[in-house]
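Worksheet for the structure shown next.
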Amino acid sequence: MRAAVVHAFDRPLAIEEIPTPVPDSGQVLVRIEAAGLCHTDIHAARGEWPVKPTPPFVPGHEGVGTIVELGPGETHGLATGMRVALPWLGYACGSCRWCNSGRETLCPDQLNTGYSINGGFAEYAVGYARHVVAVPEGIDPIDAAPLTCAGVTTYKAVKESGARAADVVAVFGAGGLGHLAIQYARITGAEVVAVDVNPARLRNAQAVGAAHVVDASQQDPVAAIQRLGGADVAIATAVNPLAFEQALRSLARGGRLVCVGLPAHNEMQLPIFETVLGGLTVKGSIVGTHHDLEEVFALHRRGLTRVEHAERELEEVNDAIEQVLDGSAESPRLVFRMQPGADSPPVS
């Protein structure tokens, strides 16, 4: 099968033929129809995080496709022909205190799709039957792919923030994650402020519901948001720690900062005095559970969200990465459409 493979962190991804995987016990084989490009995939391909994947591997944790083969063992009600999503949480143990309390994204034994399990930048991928999520009828795979990470990640962040209808919610970073965070915050009824340095992204932020936009390359976002009375909630999806620090300083008294993005530079300054006197809360939110993703799909099926995306071919993966990094991508999310032929069997 055709796949984009990371062989070394300092080299471009290689488009090559590799063996089609065979599903093991409790797994399913999925023919990939679409796979979104997340900034996490770039971090993975370049080994930028403290815990690094082991090359060679196939990135991609926004893969969506149809099941073509079931492995032995429990199938959890899945069948061939079903469309499913392969999320970041590829496997969790199911028996630790976090899994048993509905917080499987904190499982210490988890395996992550496109990181420790080969992902969706390929014609086929395997997933654990217990952890893939069914995609409802009526949702285009091209939409479902970004919802599988960018959607569920920001949906969970908004839930974690406790945003309410009377709140001002500031979203720092209006790209692939941020444009969906804006929409989930709007669903709560909150007034949304979008902050970015890319004018095109800010225009798109207004189109998806932001009441205010702040170009952080032209003005101080902290001052701009404080002029509105300060943010009750700030959600940081950016890839620069400075944006996290600005998000914290933009909060009103009693405000909550939810950290979502994972910059390659792993530190931010946290002023203790202002945090204590302002009664501020800083918390992290890591993707979402499988139930959260089911809710994300349900909201999209009801027409309450829209995914801004542009399509690419898998062969364009390295160019697509550069376009994300330099901000020249014409849409907040780039999605690879895989077209192996509807009736073609798995091939090695």
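The values are calculated or read from the model by the stated rules, or taken from the named source; none is laboratory data. Nothing here was measured: the structure is a model prediction, and the numbers come from that model. All Cβ positions, even for glycine, are placed from backbone atoms using ideal geometry, and neighbour counts span all protein chains on display.
Scan segment 173-190 residue by residue and report those that are farther than 18 Å from Val307 by Cα and surrounded by 19 or more Cβ atoms within 10 Å (Cβ to Cβ).
Within segment 173-190, Ala190 is the sole residue that qualifies.
Restrict the check to segment 120-132 and report whether at least one residue is surrounded by fewer than 22 Cβ atoms within 10 Å (Cβ to Cβ) and part of a loop (DSSP other than H, G, I, E, B).
Checked segment 120-132: at least one residue is surrounded by fewer than 22 Cβ atoms within 10 Å (Cβ to Cβ) and part of a loop (DSSP other than H, G, I, E, B).
Does segment 150-160 contain at least one residue that is at pLDDT 95 or above, out of contact with any Asp or Glu (no Cβ under 8 Å at 6 or more places or on another chain) and surrounded by fewer than 24 Cβ atoms within 10 Å (Cβ to Cβ)?
Filtering segment 150-160 down to residues at pLDDT 95 or above leaves 150-160.
Cutting the leftovers down to out of contact with any Asp or Glu (no Cβ under 8 Å at 6 or more places or on another chain) gives us 151, 153-154, 157-158, 160.
From what's left, surrounded by fewer than 24 Cβ atoms within 10 Å (Cβ to Cβ): 160.
Yes, because at least one residue in segment 150-160 is at pLDDT 95 or above, out of contact with any Asp or Glu (no Cβ under 8 Å at 6 or more places or on another chain) and surrounded by fewer than 24 Cβ atoms within 10 Å (Cβ to Cβ).
Residue by residue through segment 45-77, note down the ones that are buried (at least 24 other Cβ atoms within 10 Å of the Cβ) and not in a loop (DSSP other than H, G, I, E, B).
Matches in segment 45-77: Ala45, Gly63, Val64, Gly65.
Can you find a residue in segment 103-114 that is of a type in the set (S, T, N, Q), closer than 18 Å to Ile286 by Cβ, touching a residue at least 40 places away in the same chain (Cβ under 8 Å) and crowded, with 24+ Cβ neighbours inside 10 Å? Give the steps one after another, and end with the answer.
Step one: list which residues in segment 103-114 are of a type in the set (S, T, N, Q), which gives 105, 110, 112-113.
Filter again for closer than 18 Å to Ile286 by Cβ, leaving 105, 110, 112-113.
Still in the running and touching a residue at least 40 places away in the same chain (Cβ under 8 Å): 105, 112-113.
Narrowing the set further to residues that are crowded, with 24+ Cβ neighbours inside 10 Å leaves 113.
Yes.
Out of segment 1-60, which residues are β-branched (Val, Ile, Thr) and over 18 Å from Pro146 (Cα atoms)?
Those that are β-branched (Val, Ile, Thr) and over 18 Å from Pro146 (Cα atoms): Val5, Val6, Ile15, Ile18, Thr20, Val22, Val28, Val51, Thr54.
The rows are residues; the columns are (1) in contact with a strand residue (DSSP E or B) (Cβ under 6 Å, 6 or more places away or on another chain); (2) more than 23 Å from Asp41 (Cβ to Cβ).
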{"site": "Ile225", "(1), (2)": "yes, yes"}
{"site": "Gly230", "(1), (2)": "yes, yes"}
{"site": "Ala234", "(1), (2)": "yes, yes"}
{"site": "Ala238", "(1), (2)": "yes, no"}
{"site": "Ala243", "(1), (2)": "yes, no"}
{"site": "Gln246", "(1), (2)": "no, yes"}
{"site": "Arg253", "(1), (2)": "no, yes"}
{"site": "Leu257", "(1), (2)": "yes, yes"}
{"site": "His265", "(1), (2)": "no, no"}
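Which residues, taken from segment 59-97, are more than 11 Å from Ala134 (Cα to Cα) and of a type in the set (S, T, N, Q)?
Thr75, Thr80, Ser95, listed by residue number.
Kindly establish whether Gly209 is of a type outside the set (A, V, I, L, M, F, W, C) and surrounded by 24 or more Cβ atoms within 10 Å (Cβ to Cβ).
The answer is no for Gly209.
Can you tell me which residue among Asn112, Asn118 is closer than 27 Å to Asn240 by Cα and in the same structural domain as Ala45 (by TED's automatic domain parsing)?
Asn112
Would segment 93-109 turn up any residue that is under 28 Å from Arg302 (Cα atoms) and assigned to a helix (DSSP H, G or I)?
Scanning segment 93-109 turns up at least one residue that is under 28 Å from Arg302 (Cα atoms) and assigned to a helix (DSSP H, G or I).
For residues in segment 218-253 being at pLDDT 95 or above and polar (S, T, N, Q), which is farthest from His39 (Cα to Cα)?
Gln226
Taking Tyr91 as meeting all but one of (1) farther than 27 Å from Glu315 by Cα; (2) over 23 Å from the mean Cα position of the chain (by Cα), write down the number of the exception.
Status for Tyr91: all satisfied but (2).
Only one residue in Val324, Val307, Val282 is without any contact (Cβ under 8 Å) to a residue 60 or more places away in the chain, crowded, with 17+ Cβ neighbours inside 10 Å and not charged (D, E, K, R). Which one?
Selected residue: Val282, the only one of Val324, Val307, Val282 that is without any contact (Cβ under 8 Å) to a residue 60 or more places away in the chain, crowded, with 17+ Cβ neighbours inside 10 Å and not charged (D, E, K, R).
Residues of segment 80-123 being of a type in the set (Lys, Arg) and modelled with pLDDT of 95 or more, which ones?
Arg83, Arg97
Can you find a residue in segment 264-278 that is under 20 Å from Ala150 (Cα atoms) and either aliphatic (A, V, I, L, M) or free of Cβ contacts under 8 Å to residues at least 40 places away in the same chain (or both)?
If we filter segment 264-278 for residues that are under 20 Å from Ala150 (Cα atoms), which is where we start, we get 264.
Still in the running and either aliphatic (A, V, I, L, M) or free of Cβ contacts under 8 Å to residues at least 40 places away in the same chain (or both): 264.
Yes: one or more hits.
Only one residue in Ala231, Ala252, Ala264 is buried (at least 23 other Cβ atoms within 10 Å of the Cβ), assigned by TED's automatic domain parsing to the domain that holds Asn198 and not acidic (Asp, Glu), so which one is that?
After ruling out the rest, the residue left standing is Ala231.
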